[in-house]
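The values are calculated or read from the model by the stated rules, or taken from the named source; none is laboratory data. Please read all numbers here as calculations on a predicted model, not as lab measurements. Positions of Cβ are backbone-derived with ideal geometry, glycine not excepted, and every protein chain shown enters the neighbour counts.
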Amino acid sequence: MKKRPTGITILAVIFLIMGLLSLVWSGVVFGFGSLNLFFGSIFGADAMAAYGGSSVWAGVLGLAAAGVKIVVAIGLLYMKQWAWYLSILAVALTLVEGIFGVFSGGIFAFICGGIGLIIPILIFIYLLRPHIRKLFGLS
């Protein structure tokens, strides 16, 4: 088995934490979005129903991102080549999720979301470093 760099171990833990946080976030958003969609439709509150529908989709995106991140964390711990590819996909999903967060409303969301994009960008740069790619059997 290949010796796993400390950076990859840290990255796997980060992916696991991000996956769990995405799971919690999407559960909350999906839950509230579904309630808004349901009650908005029943009571004829079109704006509430429309907002609920968009929240449901954000929740679904969060669930997908959470699943990918958790699988990537496990793959990185075992230094699997597919985990490197999936980690790139996971970072892309995280960036999309973060961009949605940035533009979800208000200056606070914009600033916090913008800061939150820094970590995925740094992860992306780390994964593309030549010696890391070589450890995963990529040239």
Residue match in the range 73-80 (condition: modelled with pLDDT of 85 or more, among the hydroxyl-bearing types (Ser, Thr, Tyr) and within 18 Å of LEU20 (Cβ to Cβ)): no
How about the range 124-138: which of its residues are touching a helix residue (DSSP H, G or I) at 6+ places or on another chain (Cβ under 7 Å) and either more than 14 Å from ALA12 (Cα to Cα) or not in a helix (DSSP H, G or I) (or both)? PHE136, GLY137, LEU138
Sort out which residues of the range 98-111 are assigned to a loop (DSSP other than H, G, I, E, B) and at pLDDT 75 or above, and write them in order of number. PHE103
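Conditions tested, residue by residue: (1) in a helix (DSSP H, G or I); (2) of a type in the set (D, E, K, R); (3) more than 19 Å from VAL71 (Cα to Cα); (4) modelled with pLDDT of 80 or more.
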{"residue": "TYR85", "(1), (2), (3), (4)": "yes, no, no, yes"}
{"residue": "VAL91", "(1), (2), (3), (4)": "yes, no, no, yes"}
{"residue": "VAL96", "(1), (2), (3), (4)": "yes, no, no, yes"}
{"residue": "GLY113", "(1), (2), (3), (4)": "yes, no, yes, no"}
{"residue": "LEU122", "(1), (2), (3), (4)": "yes, no, yes, yes"}
Tally up the residues in the range 78-113 that are of a type in the set (S, T, N, Q) and surrounded by 15 or more Cβ atoms within 10 Å (Cβ to Cβ), please. 2
Take the conditions buried (at least 19 other Cβ atoms within 10 Å of the Cβ), assigned to a helix (DSSP H, G or I) and modelled with pLDDT of 70 or more and apply them to GLY19. Does it pass? yes
